[in-house]
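The values are calculated or read from the model by the stated rules, or taken from the named source; none is laboratory data. Everything numeric here is computed off the predicted structure, so don't read it as measured data. Here the Cβ is made from the backbone with ideal geometry for all residues, glycine too, and neighbour counts use every protein chain on show.
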């Protein structure tokens, strides 16, 4: 870390503590002896989503929450469940070390989680995500759910 006073390249950390999800560090220049504060935060990569029509947009957590909220409307699914699903998408995204994910990967993760929480919400979300165009599509998904233990 470069000293903001004299420009010397070497400083030492005097104190370090977490503050608002960041690390606050008090530093001291080994040459001029002046102290200053720095904040260290994890840099999140830009997260992009490749959509069905091959356009790319920024990942929007709120958009996913809105879609899930619509699917679970009037169902016994808590806000914590919704947040857990969104966090599982985000953690999968972060762990993949890629800056782009497809809409189908997001949809698959959401469906996998919804299947364990609420089957009606699962069918609702699947109808939009998989773009059901007829009653047969609904019947197929419901049949798959019934056949699983």
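So the values come out like this:
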quantity	calculated
Some residue of the range 57-66 being without any contact (Cβ under 8 Å) to a residue 12 or more places away in the chain and part of a loop (DSSP other than H, G, I, E, B)	yes
Which listed residue, of 110, 86, 128, is in contact with a helix residue (DSSP H, G or I) (Cβ under 8 Å, 6 or more places away or on another chain), loosely packed, with under 13 Cβ neighbours inside 10 Å and in a helix (DSSP H, G or I)	128
Any chance residue 28 is closer than 21 Å to residue 111 by Cβ and either at pLDDT 90 or above or not in a strand (DSSP E or B) (or both)	no
Top-ranked residue in the range 67-83 [being under 13 Å from residue 113 (Cα atoms) and in a helix (DSSP H, G or I); ranked as nearest to the chain's Cα centre (by Cα)]	83
